[in-house]
Amino acid sequence: MTESPGVAPPPIVVSQVMPGDPPFRIVQIGGQQVGKAFSPVDVIEFARRAGLDDVDLDDPSVVRWVGGDKLKWTL
C-alpha cells in the first residue's frame, strides 16, 4: 500500500492469515512486529501492551487489515 504524503499509516497492521495449527496473523504496531494473533482478542491485547487503549478494530485510521477483516482467521 502506498501512503499519501503527509498521511501517517495506521499504527496497527495485521497481516494476511498464515498457515499454522491454528492459523495466525502477524501483528505490527508502529512498524515493529509484536507477535502472532490467533483472534481479534490477541490484536487488542497487543495494542494494550503497546499503550493503545480502547482500540477500534473497525477504524481504518487505527488498524490496517491485510487479506481480510477482523473476522478472517482461516486460510
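Sort through PRO19, PRO40, PRO10 and tell me the only one that's surrounded by fewer than 12 Cβ atoms within 10 Å (Cβ to Cβ), of a type outside the set (Phe, Trp, Tyr), within 21 Å of LEU71 (Cβ to Cβ) and touching a residue at least 12 places away in the same chain (Cβ under 8 Å). Write out each step before concluding.
Numbers: PRO40 fails: surrounded by fewer than 12 Cβ atoms within 10 Å (Cβ to Cβ); PRO10 fails: surrounded by fewer than 12 Cβ atoms within 10 Å (Cβ to Cβ).
Being surrounded by fewer than 12 Cβ atoms within 10 Å (Cβ to Cβ), of a type outside the set (Phe, Trp, Tyr), within 21 Å of LEU71 (Cβ to Cβ) and touching a residue at least 12 places away in the same chain (Cβ under 8 Å) holds for just one of PRO19, PRO40, PRO10, which is PRO19.
Restricting the range 22-32 to residues that are out of contact with any helix residue (DSSP H, G or I) (no Cβ under 7 Å at 6 or more places or on another chain) and under 16 Å from TRP65 (Cβ atoms), which is most open to solvent (accessible area, probe 1.4 Å)? Quick ask: steps written out before the conclusion?
We begin by selecting, within the range 22-32, every residue out of contact with any helix residue (DSSP H, G or I) (no Cβ under 7 Å at 6 or more places or on another chain); these are 22-26, 28, 30-32.
Restricting the remaining residues to those that are under 16 Å from TRP65 (Cβ atoms) gives 23-26, 28.
Details: PRO23: 33, PHE24: 27, ARG25: 0, ILE26: 33, GLN28: 73 Å².
Among those residues, the one meeting the criterion is GLN28.
Is the range 35-42 home to any residue that is of a type in the set (Gly, Ala, Ser) and in contact with a helix residue (DSSP H, G or I) (Cβ under 7 Å, 6 or more places away or on another chain)?
The initial filter retains those residues of the range 35-42 that are of a type in the set (Gly, Ala, Ser), namely 35, 37, 39.
Now drop any that are not in contact with a helix residue (DSSP H, G or I) (Cβ under 7 Å, 6 or more places away or on another chain), which leaves 35, 37.
Looking for residues that are of a type in the set (Gly, Ala, Ser) and in contact with a helix residue (DSSP H, G or I) (Cβ under 7 Å, 6 or more places away or on another chain), one finds at least one in the range 35-42, hence yes.
Filter the range 18-43 for residues that are touching a strand residue (DSSP E or B) at 6+ places or on another chain (Cβ under 7 Å) and small (Gly, Ala, Ser) and give the result.
First, the residues of the range 18-43 that are touching a strand residue (DSSP E or B) at 6+ places or on another chain (Cβ under 7 Å): 18, 24-29, 33-38, 43.
Hits for the range 18-43 are GLY35, ALA37.
Of the numbered conditions (1) touching a Phe, Trp or Tyr at 6+ places or on another chain (Cβ under 9 Å); (2) within 22 Å of LEU75 (Cβ to Cβ); (3) hydrophobic (A, V, I, L, M, F, W, C), VAL43 fails exactly one; give the number of that condition.
(1)
Cβ-Cβ below 7 Å, separation at least six or inter-chain, first residue in the range 56-75 and open to solvent by 80 Å² or more (accessible area, probe 1.4 Å), second of a type in the set (Val, Ile, Thr) and assigned to a loop (DSSP other than H, G, I, E, B): which pairs?
Every condition considered, the pairs that remain are THR74/VAL17; LEU75/VAL17.
The values are calculated or read from the model by the stated rules, or taken from the named source; none is laboratory data. Fair warning: this is a prediction, and the values are worked out from it, not measured in the lab. All Cβ positions, glycine included, derive from the backbone under ideal geometry; neighbour counts span all protein chains shown. Side chains included, ligands, DNA and RNA excluded: accessible areas come from the protein's heavy atoms. Shrake-Rupley method; radii C 1.70, N 1.55, O 1.52, S 1.80 Å.
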